[in-house]
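Computed from the coordinates by the stated procedures, all read-outs in this text should not be read as laboratory data. No experiment lies behind these values; they were computed from the predicted model shown. FYI the Cβ positions are ideal-geometry reconstructions off the backbone, even for glycines, and counts take in every protein chain you see.
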Amino acid sequence: MKRREFIINSALTLGGTALLAGCGKHEVILSENQVAKRKFKSLDVPLLGFGCMRLPMKGDEVDMNELEKMVEYAMQHGANYFDTAYMYVDGKSEIAMGKVLKNYNRKDIIIADKSPAMYMKSKDDVKRIFEEQLKKCQTDYFDFYMVHNINKNTIDNYRNFEMYKQLDDFRRQGLVKYVGFSFHGTPDMLREVAPEHPWDFAQLQINYLDWDVVKAHEQYDIVQAQKIPVTVMEPLRGGGLVNLSDKAMAKLKEHYPDTTPAAFGLRWAASRANVVTVLSGMSNLQQMKDNIETFIHYKDMTEEEIKVADEVAKIIQSQGEINCTACRYCMEVCPRGINIPAAFALYNQYKVTGNKMLFSIYYDTLADAEKPDKCIKCGLCNKNCPQSLEIPTLLAKIEDTYKQIKGGK
């Protein structure tokens with residue numbers, strides 16, 4: 001099998017038209033019939049990673065037969081990065097992946113797992129859960145290990161229980177290769193967390209809809225400034241960028257009739273030069289085959305494709321239950337600085353996908369001052385809205401939906 005390596009030049013500047021944000025150059029490794037890879041320290045990491053949060057299921061149990069086929073196909077094509085977590089699939093993901101991955105040479109696979117900050121009640125829990133995870137995954141070490149889901153509800157646990165220090169100790173003992181964190185907080189919080197320690201990587205939610213809606217571009221820029229490589233989660237917005245509306249799909253097909261929404265979204269995320277791998281939560285073999293095909297023939301997105309992605313994102317934002325075009329005229333007069341277009345976009349996506357968890361997570365990424373509950377119902381926004389929306393009423397509806405979801409109703 002012939003192997004060829006080359007450097008792809010990414011012409012960009014922060015905040016410029018080209019959003020292939022990076023340091024100007026990055027290395028993509030292409031091999032015949034193998035997914036594209038990128039250099040990360042001592043590893044060649046596949047640009048497509050298997051996110052193990054949405055495994056194939058038979059009723060309430062993991063479909064092990066389908067999972068084995070998926071892993072085998074992934075390994076045959078060099079997609080050897082597997083990302084699991086303590087609570088994925090109601091605690092069954094680590095166990096299922098451990099059963100399957102034990103059949104492969106440990107040196108040939110890359111396993112990523114997470115220390116669940118939300119479950120920690122003491123410093124001792126960090127080590128106890130880590131040892132439990134090693135047993136579940138049937139491995140002696142993790143390649144990538146991260147503080148899971150740093151946000152406003154978990155940041156005290158992360159700091160008070162010295163989670164970074166303990167993860168760094170695991171690394172010194174040879175139980176972990178690279179230490180990072182996954183993040184679901186605000187940009188201001190990330191500005192605190194990113195420089196606190198010499199992180200090896202950060203896992204961020206990056207996709208072409210959230211790039212502006214929930215300031216994903218700002219988070220990307222923050223970690224890039226700290227020279228922290230990124231692993232991408234939710235590149236397809238929980239399926240929201242796969243099941244496009246007719247109007248959004250028509251815009252995509254008008255320019256690129258031969259591409260699929262999934263391939264388009266995955267390539268968009270992978271095209272950022274600071275990205276190590278893009279995690280896709282695949283739940284059947286056909287999804288695996290389709291995504292691997294995209295990365296076997298991988299090419300960075302062009303500036304024209306990025307412009308089309310922006311157009312598709314605007315269509316998505318303008319459709320759904322709330323007909324908001326994200327013109328932001330409302331924000332020009334809002335005395336409280338509420339991020340009205342972002343709140344509407346999050347709600348629209350929730351109504352399309354029905355994914356309560358993602359709605360709650362994305363809602364929490366809004367700064368407190370930007371959230372719908374800060375509305376004082378002054379009505380100034382209504383006068384500025386070209387769509388004649390009753391904005392205060394809609395904001396109250398979104399806030400009520402959030403409260404119901406958080407309350408488990």
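Each of the peptides 350-358, 335-343 was scored by the mean count of other Cβ atoms within 10 Å over its residues; in descending order, highest first, they stand as 335-343, 350-358. Sparse packing (at most 16 other Cβ atoms within 10 Å of the Cβ) combined with a DSSP loop state is found for the following GluC sites (Glu not before Pro) in the stretch 317-409: Glu321, Glu390.
Residues Val333, Val126 in ascending order of nearby Cβ atoms (within 10 Å, fewest first): Val333, Val126. In plain terms, the residue of Leu241, Leu279 with the fewest other Cβ atoms within 10 Å comes first and the most crowded comes last, giving Leu279, Leu241. Put in order of Cβ neighbour count within 10 Å, fewest first, the listed residues Trp211, Trp268 become Trp211, Trp268.
Relative to the longest principal axis of the Cα atoms of the chain, helix 340-353 runs at roughly 60 degrees.
A cut-off of 5 Å between modelled amide H atoms, ignoring neighbours fewer than 5 places along the same chain, links Ser115 with Met146, Val147, His148. Could you point to the residue in Val232, Tyr158, Gly59 farthest towards the positive end of the chain's charge dipole, with +1 and -1 charges on the Cβ of Lys/Arg and Asp/Glu respectively? Result: Tyr158, furthest along the dipole toward the positive end. Exceedance of the 19 Å cut-off in Cα-Cα distance is limited, within the set Lys39/Lys136; Lys99/Lys135; Lys247/Lys351, to Lys39/Lys136. Taking the Cα centre of the chain as origin and assigning +1 to Lys and Arg Cβ atoms and -1 to Asp and Glu Cβ atoms, the resulting dipole is close to 300 debye. Of the listed values (i) 21.1, 67; (ii) 23.9, 84; (iii) 22.9, 70, grab the one calculated as Rg and Dmax of the Cα atoms in Å from the structure here. It is the one labelled (i).
In the chain, helices alone account for a calculated mean residue ellipticity at 222 nm of -12500 deg cm²/dmol, with every DSSP H run of four or more residues adding -39,500 (n - 2.57). Dipole orientation for the chain: of the candidates Asn323, Ala309, Leu134, Leu134 has the Cα lying most toward the positive pole (charges on Cβ; Lys, Arg +1; Asp, Glu -1). My understanding is that a pair violates if its Cα-Cα distance is over 18 Å; which of Lys41/Lys177; Lys69/Lys289; Lys92/Lys177 do that in this structure? Table pairs above 18 Å Cα-Cα are Lys92/Lys177. Which angle between 0 and 90 degrees, to the nearest 10, do you get for helix 303-318 versus the longest principal axis of the chain when only C-alpha atoms count? Around 60 degrees separate the two axes. Among the trypsin sites (Lys or Arg not before Pro) found in the stretch 229-303, those both in a DSSP coil and sparsely packed, with 16 or fewer other Cβ atoms within 10 Å of their Cβ, are Lys299.
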